[in-house]
Amino acid sequence: MAETVIEVRGLRNQFGTHVVHDGLDLDVYRGEILGVVGGSGTGKSVLLRSITGLITPAAGSVRMLGTEMRGASEAELDALAERIGVMFQDGALFSSLTVCENVMVPLSNVEGLDARTREALARLKISLSGLPWNAGDKFPSELSGGMRKRAGLARALALDPEIVFLDEPTAGLDPIGAAAFDELIRGLSRALGLTVFLVTHDLDTLYATCDRIAVLAEKRVLVTGTLDDMLEVDHPWVREYFLGPRARAARDAIAAGHGRE
Amino acid sequence: MERDDSDERGGLSLAEEGGEIRAVVTGALGLRELPELQEQLARLEAPRAVTFDLSDAQRIDTGIAWALLRARDRLAEAGARTEITGAQGAVAQILDTVREGLPKPQEEPAPERGLRAALVRLGETVAGGAQSFLGFLGLLGLFVARLLGAVVRPREFRLTALLHHCQAVGLQAVPIVALMAFLIGVVLAFQGAAQLRQFGAEVFVVDLIAISILRELGILLTAIIVAGRTASAFTAAIGSMKMREEIDAMRTLGIDPGHALIVPRVLALVLMLPILGLIANLAGIFGGALMSWIELGISPAMFMTRLAEGTDVTHAVVGLVKAPVFAVLIGVIGCRAGLGVGNTAESLGRMTSSAVVAAIFAVILADALFSIFFQQIGV
Ligand SMILES: Nc1ncnc2c1ncn2[C@@H]1O[C@H](COP(=O)(O)OP(=O)(O)OP(=O)(O)O)[C@@H](O)[C@H]1O
Ligand SMILES: [Mg+2]
């Protein structure tokens, strides 16, 4: 079995009296694309934030790439930050910088890189994310929603991270754009050996990209497994989600796609 | 593609073999190793043939792949025979991905330089200035039109918003305005006393304080403080709504931004600035009287008598008449700058500071024009 890169044990998160997670366990293995699903407000974004150290959980442990997040020193956290990339739900690009400058921000922490190299590397990431050259000189506000997502991905990939966290990468994209984005994520993850932690509502994305799925419900990870495993699970929300009409349509589409190949 | 810490730190070693250079990449290479690698690659010169051997490379990242591919292209262009061999597994995959994904520059027309460009910039600046003046006039017109509209159809008038803004721009500014005017009065009395004592004309300090504060300083300084405080607040509030497309949303919901945002704000200023000016006048005279008493021994009663007989009420009127004009200038400039905010956080900051500068400048300019006007009509 592949190495475990993220290990969450007994995680508890709460805001005031509102408990979001309680006793949540999750493992993520190297090189896989893990899809995290769950109803709106079940705490997918909060889970992502607590794994990446943006919020400190009330209890439990998060171990990422061999570093225990709780009690890690500043230097350890900095080193860890270079090995992960995060794409936020709404892009979170710096609005006063061009796309290229946005991607150069993480690179500016690397010692010894001259400005020309930084720009060239940023351009490379922009191109790998499927954006045309001139998008690099534009400000985020001048891009369409789909292009902003790609720019966010380019910034997340700037340091060649080992793990990327994507929060709803295809939300708000048209189906064709979303399919292209799915393809991009899958292609990059295979080519660069990325581990991907992907939060999504999009069934098509799940079917097209994910190796494994984790379902968030009842304040914990209810089940993990492949898509086929999900169809066996006897839980009302999981059944509704994976056996509902939209799921059937997505599955049929994939089946049809495979049939043609 | 394991990235254990057991990966040896990689590097590039160059060796000569029968007139050819063999560049052997070993171990794991990442961004940290890139600067050194670039330096080594830059030393390779055409026309010697170069073979990049990647069979011992454990791991490379896209930056390394990019540097290798670029060095190869550079040497190939200079006429050297180059080859990349031995890449396997993940390393080969990354090389392929980067090779396919290499960005293709698009030529953009270079910006013009020289005299012509300088003239163009000058012209654009002038046109921009004229445009923002027109924008100011446009918004002023909109304000007046909406205000008159509200007189005709009072139902459209937003009383709650007006009261809210009256509190924000008026009530909450009282302490700072009163304190400022009090201190100005103190300073005037102090300085005036020092000068007038030389002529034994101490008692004229009352006229000095009264006329300068009532006519000019009270209202002018109040307007400047309000310009700094309120114009920036208007710009920031309206600008951040503009940034988040709230103003567009209002339009689509049939809410007129003129009614909802501009009339209450500007009208609140028009109502409040005269009151603030009056408070400033009182506080200034109080400060002056206090200082005169301490410094010159002019008792409050004597100060009042002197004030009543020596100072005409027209001075106070001349001062306060200016207040509504200043208020409109400040309010409209602040709102106008808010509507001019683009969709970046930076433009919000830029517009906020330019609103303050423009509002203060407009207030002082208007005050100068008023002085000339009153001089001419002899008030
Ligand atoms: N900073 C916060 N303060 C208080 N409550 C919060 C905060 N952040 C999240 N929550 C609460 O935590 C719960 C989970 O939020 P979260 O954003 O993780 O949902 P989600 O699963 O990502 O939903 P969606 O699919 O809509 O993005 C919600 O009930 C939310 O109200
Ligand atoms: Mg979320």
Length-normalised contact order of region A:20-174 in % [C-alpha pairs under 8 Å, at least 6 apart]: 27 percent
With springs connecting C-alpha atoms under 10 Å apart, model chain A as a Gaussian network and identify which of A:ASP160, A:ASP25, A:ASP78 has the largest mean-square fluctuation. A:ASP78
Whole-Hz ³J(HN,Hα) for each residue in region A:161-167, computed from phi via Karplus 6.51 cos²θ - 1.76 cosθ + 1.60 with θ = phi - 60°, x for glycine and proline: what do you get? x, 8, 10, 10, 10, 10, 9
Farthest toward the dipole's positive end in the protein assembly as shown, which of B:MET351, A:LEU157, B:LEU269, given Cβ charges of +1 (Lys, Arg) and -1 (Asp, Glu) about the Cα centre? B:LEU269
Of all DSSP beta bridges with both partners in chain B, the antiparallel percent, nearest 5, is 35 percent
Pairs of Cα atoms under 8 Å, at least six residues apart: use those to get the relative contact order of region A:24-92, whole percent. 13 percent
Compute the separation of the alpha-carbon centres of region A:203-261 and region B:318-379 and state it in Å as a whole number. 62 Å
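Which net charge results for the neighbourhood of B:ALA80, defined as the other residues with beta-carbon distances under 13 angstrom from its beta-carbon, given Lys and Arg at +1 and Asp and Glu at -1?
Value of the local net charge: -1.
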Per-residue mean of other chain beta-carbon atoms within 10 angstrom of the beta-carbon, peptide B:299-312? 0
Amide H neighbours of A:GLY38 at under 5 Å, excluding residues fewer than 5 places away on the same chain, with H built from the backbone geometry, are A:LEU216
Dipole of chain B, Cα-centred, from +1 at each Lys and Arg C-beta and -1 at each Asp and Glu C-beta, to the nearest 20 debye? 1960 debye
Run the dipole for chain A about the Cα centre, Lys and Arg Cβ at +1, Asp and Glu Cβ at -1, nothing else charged, and hand back the magnitude in debye, nearest 20. 320 debye
When Lys and Arg each count +1 and Asp and Glu each count -1, what net charge do the other residues less than 11 Å away from B:HIS165, Cβ to Cβ, add up to? +2
Taking each residue of B:343-349 in turn, how many C-beta atoms of other protein chains fall within 10 Å of its C-beta, and what is the average? 4
Percent antiparallel among DSSP beta bridges (both partners in the protein assembly as shown, rounded to 5): 50 percent
Based only on other Cβ atoms within 10 Å, what is the fewest-to-most ordering of B:PHE133, B:PHE361? B:PHE133, B:PHE361
³J(HN,Hα) computed for each position of region A:29-40 - Karplus, 6.51 cos²θ - 1.76 cosθ + 1.60, integer Hz, glycine/proline x: 9, 5, x, 8, 10, 9, x, 10, 10, x, x, 5
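So, by mean Cβ neighbours within 10 angstrom, what's the order for B:23-35, B:139-151, B:366-378, B:169-181 with the highest one leading?
Ranking, from highest mean packing down: B:23-35, B:169-181, B:139-151, B:366-378.
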Would you look at the GNM of chain B, springs on alpha carbons closer than 10 Å, and say which of B:ILE364, B:ILE238, B:ILE60 moves the most? B:ILE60
Shielding of A:189-200 by partner chains, average beta-carbon count, 10 Å: 3
In a GNM of chain A with a 10 Å cut-off on Cα contacts, which of A:LEU11, A:LEU231, A:LEU131 has the highest mean-square fluctuation? A:LEU231
Among beta bridges assigned by DSSP with both residues in chain A, the antiparallel ones amount in percent, to the nearest 5, to 55 percent
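Values quoted throughout were computed directly from the atomic coordinates according to the rules given, and no laboratory measurement underlies them. Computed from a prediction, not measured in an experiment: that's the story for all the values here. Neighbour counts run over all protein chains shown; Cβ positions are idealised from the backbone, glycine included.
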